[in-house]
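Below is one structure; the comments refer to it alone.
What follows draws every value from the coordinates through simple rules; no lab data is involved. Model, not experiment: these values are computed from the prediction. A quick note on method: Cβ atoms are made from the backbone with ideal geometry, for glycine too, and the neighbour counts reach across all protein chains shown.
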Amino acid sequence: MNRTTPVDQSAKDASAVKADELRASAVRHLLALQDQGRLTSEQVRTVACCFGRCERTVYNWLKKANAAKRKQRPRFEATEAIRVKYAFWQGNVSAVHRELVEEANAGGPPAFSLSTLRRAVMRDLSPGERAGLRDGERAQRAHFVYLQRPALHRNAAWEGDHVEASVEVELDGRLLKPWVTWFIDTKTKIITGLAVSADTPNRSSVLLALRSALSTDESHLPFGGLPERIRVDQGKDFGSKAVAVALGQLAVVLDPLPGYRAHLKGTVEALNGAVEKMFFAGLPRHTHRQRLINGKHYDPDQPPLPFTTFVGLLMEWVEGWNNKHVNDTLGTTPAQAWHDDPAPITEVSREELRLLTLEDDRKVRTITSKGIHRGKKRRYVAPWMTDEVGLIVKLRLLPHYEDEVEVFDARDDRYLGAAFLSDRSNADDRAEMYRARAKTTRRTNNTQQTAASVMKMRYRPVTSAEPPRRMTVLAAEETNKKGEEPNQDAMAALAIVEPPPRDEDLPAGWVSPLSGKRKAASA
């Protein structure tokens, strides 16, 4: 007994549908020839042979098609006016029909039935157009078909974004929802770096996250290097001059995307959705949890996580995303995809990154006895400023963080050091300042004492009323501390000893102490 399997039945149904489509196409061509008066029996015979039918069957097909053509009436179509009414009533077809009936009663065109109107709307308006007219552009975009960028190699392109954590955490006795700023590699789906802000993120959040992403040190996420371009939205923080300058100095292209085009940076948007479902949903005081009928949470008194604990758990989740989570598109973990990619990584030193990701103050200032003035109340000091009063400098700092600045020489952009606010210094900072001043003073005094003791002024005794002649001898302090004889070369270089007087220059009856030595040497 032969049984037809579901697969065989499906194949037969598909073949029948295809045969009907071919027959309808052939009948349309024959009708066109008939309307033009060019239809011949040879053409009918050719179609009959093609389908394995007799000529009479093909003529019957033509007869039925002509009958259906004569019975066809003009159908009602959804005109532009109907579309406008459909949008005005937010997709309520019944309301549109009532308005059409009222217009017909007032002397307007006759109104069709409600069912006819519904069929016209469903037939003439696409699903996306109906959603857009009913709920707006965002709903219509759900029916769009989007392209996909080709995946090149690691660090070919990054995407960056902010995401607000849907979790309430505790900081300084108040509840808040942190913000996460992060960057992700579009090829390997690796999270290269992030920064967590307790309040609304700004350009300092972007610079800190960028510093973390570009660094490849183990103290940060061990993935990074210089990307070729970074795609971001048109937010003021990502588009700030500080971010553009920091990336421009590294020859990284900043690619700001058009507004409200989340699909253009779909990788980071997918990451934002993943962290919501995979991490935020499992934390206490999740704000998107189910609620009671009155809108309150089932457990409104649930204790919140401290801010530092939240950051620690987030870093653990990011590590799991990079090293343990298997991405469906990649078929492996992001870390494995990163290591399997042969593209070279361009690294930047940690110190260079720290300086590049700071914002230039764009002003020239002078170090005074009170430090570096910035504004009316902010004065920055540092131990290295001791003895540098009068030096002209420039400042670079992290935006919105004014407790510390980096100081550069205005003449050659040489890095001098960090400086902190004078009125916010702690005991250790003050002790360091005192030690620096004492060290500088001690070094100067020692140099002065050494200079004073290297050479001592001596005058030759005189035996008559004449000005004494000056002679300079090497000080005893210049001898070796171990009791050794002083260096003869140093003595010759430092000591200025006048030649002894000749015998003929002495007064009568005087004898030079060296006269005997000269006579012995001549003998």
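Remarks
- In terms of Cα atoms, the Rg and Dmax of segment 106-160 work out to 20.7, 69 Å.
- Every pair of different Cα atoms in segment 381-423 enters the Kirkwood calculation, which places the hydrodynamic radius at 10.8 Å.
- Amide H contacts of T287 (H built 1.01 Å from N, in plane; Pro and chain starts excluded): V167, E168 sit under 5 Å, all sequence-distant by 5 or more or on other chains.
- Nearby aspartates and glutamates by direct alpha-carbon distance to K394 (threshold 14 angstrom, same-chain neighbours under 8 apart not counted): E359, D360, D361, E404, E406, D409, D412, D413
- Label sites at H297 and M122, each approximated as a point 7 angstrom past Cα along Cα to Cβ, lie 4.4 nm apart.
- Whole-number D in µm² s⁻¹ for segment 214-257, Kirkwood Cα-pair radius fed into Stokes-Einstein, 20 °C, 1.002 mPa s: 189 µm²/s
- Legend: translational diffusion of segment 30-147 by Stokes-Einstein, Rh = Kirkwood radius over C-alpha pairs, 25 °C, 0.890 mPa s; D = 135 µm²/s.
- Normalised by 2.2 N^0.38 Å, with N the number of residues, the alpha-carbon radius of gyration of segment 352-434 equals 1.02.
- Cα shape, segment 71-135, gyration tensor, a/c 1.5 rule: oblate
- Cα gyration tensor shape for segment 350-398, rounded if a/c is under 1.5, else prolate or oblate: prolate
- Relative contact order for segment 175-220: 36 percent, from Cα pairs under 8 Å spaced at least 6 residues apart, divided by residue count.
- Simple label model, 7 Å out from Cα along Cβ direction - D199 to A142, nm: 3.7 nm
- FRET efficiency estimate (nearest 0.05) - Cβ-Cβ, E99 to E402, R0 51 angstrom: 0.25
- Residues listed by number, segment 109-126, amide nitrogen under 16 Å from V84 label point at 7 Å toward C-beta: 109
- Difference of contour (0.36 nm per residue) and Cα-Cα distance, T57 to E77: 3.7 nm
- Distance in nm between pseudo-label sites at T450 and A431 (7 Å out along the Cβ direction from Cα): 2.9 nm
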